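This report refers to the structure that appears directly beneath it.
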Amino acid sequence: MFSFQKKTPYINTMKLLSGYLADFLSLLFPELCPACGEALVVNEKIICTDCLYNLPITNFHQQPDNIVARQFWGKINIQGAYSLYYFSKGGKVQNLMHHFKYKGMHGIGNILGNIAGNQLNTNDAFVGVDYIIPVPLHKSRLKQRGYNQSLCFAEGIAQKLQATVEHNNLMRVKATETQTHRSRFARFENMQEVFVVKDAERLKNKHVLLVDDIVTTGSTLEACGIELLKIQGLKLSIATIAYAE
């Protein structure tokens, strides 16, 4: 009969050395908060505690006639509209969104989605959401970026609303040029015939939460909403990470 020596002391030693190495590397190359640029401390994950508590929250979930909702009045029929933060040029939210969209920090979406989901849970307009649909990227943009930031945000919200993320039904079938520096009308024109719904039957008589990263004029969300509201009995709400004037 063979006997094996226990390797527990060796394993514990290696874990201890790994811990020391990780601590040493964190001193040389500290993880930085993408919003403020300060070094994260023990138990902080991706975003520092100060930013999590002090980023400019809108509290739009407490205002049925908030400024985001007003953008869609007379255009598309929505149950509720919401943005988590105010976006200002050069501010912390812009820093956060830049790292989220262009630096591969997709974990930001889950954190912000959880925060948004907790807030939306307190608003009757968002109670009973069946599906959460992220604004889709064109396949060429998705290949370039590697992930859809709106999907990451949607998944975080879904964890709190107990809703299903439906990310392959609303499709972007036409690549569009950047919306930056375009007028509201030009943005709307740019978004015509961009989106299609693959399986309308699945969304009949459902409450859909359409989510995006930033809302400015609302032209992209409006174009998506026009297609979704062609579906029989569908109720539509909107949520974004940030609102930019």
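FYI, it's all coordinate maths here, none of it is from the lab. Everything numeric here is computed off the predicted structure, so don't read it as measured data. All Cβ positions, glycine included, derive from the backbone under ideal geometry; neighbour counts span all protein chains shown.
Answer rounded, prolate or oblate for the range 40-185, using the Cα gyration tensor with square roots of eigenvalues a ≥ b ≥ c: rounded when a/c is under 1.5, else prolate when a/b is larger than b/c, else oblate.
Values: a/c = 1.28, a/b = 1.05, b/c = 1.22.
In terms of gyration-tensor shape, rounded.
Ranked highest first by average number of other Cβ atoms within 10 Å, how do 47-53, 139-145 line up? Can you show the working numbers first?
Working: 47-53: 16.3, 139-145: 11.6.
In decreasing order of mean packing, 47-53, 139-145 become 47-53, 139-145.
I'd like to compare 80-89, 149-158: which one has the highest average count of other Cβ atoms within 10 Å, and what's the full order after that?
Highest-to-lowest ranking by the protection proxy: 149-158, 80-89.
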If you find the alpha carbon centre of the range 35-67 and of the range 122-175, how far apart are they in angstrom?
-> 21
Can you tell me the order of 235-243, 219-227 when each peptide is scored by its average per-residue count of other Cβ atoms within 10 angstrom, highest first?
-> 235-243, 219-227
Semi-axes (Å, rounded, descending) of the ellipsoid equivalent to the range 54-129 per its C-alpha gyration tensor are 24, 15, 12
